[in-house]
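What follows draws every value from the coordinates through simple rules; no lab data is involved. The structure displayed is predicted, hence computed values, not measured ones.
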Amino acid sequence: MRFLKASTVAASVVAGMTLAGTAAIAAPAETSTAYAAKPASMEVCGFYKTAVTAYYNHCADSCIWIWIDYTRTTDGWKHIPNRGITDIGGAGEVNNAWYDHVC
């Protein structure tokens, strides 16, 4: 009977575990279409923030007024003339914003 060195056995075990782990990671995950990520072209409608800026995305084809809740200054109205994303201030300056009425 032949005996292998402990270091050779340990290296073989580690190599086998690495290959098994790689195979598991490399396999594509199956996802259901119901839970798949939405395409980048589908934007959030209404108020949202990034780390730096607050935005209001108006998704309809109309002129609207929104109400903006500021953190340190007086709240106020903002006119959104048409569809699209409008910068409404810094992320730290704006708490929230919402649709109020059509122009």
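Under 5 Å between amide hydrogens, built in the peptide plane, is the criterion, and for Ile88 it picks out Ala54, Tyr55, Tyr56 among residues at least 5 positions away or on other chains. Taking amide hydrogens as placed 1.01 Å from N in the peptide plane, the amide H of Asn95 sits under 5 Å from those of Asp69, Tyr70, Thr71, each at least 5 positions away in sequence or on another chain.
Derived scalar couplings between HN and Hα for segment 86-103 equal 10, 6, 10, x, x, 4, x, 8, 10, 7, 6, 8, 8, 4, 10, 7, 7, 5 Hz in order, rounded to whole Hz, by the Karplus curve 6.51 cos²θ - 1.76 cosθ + 1.60 (θ = phi - 60°), x for Gly and Pro. Shape verdict for segment 46-102, please, from the Cα gyration tensor: rounded (a/c under 1.5), prolate (a/b greater than b/c) or oblate. Because a/c hits 1.5 or more and a/b fails to exceed b/c, segment 46-102 counts as oblate.
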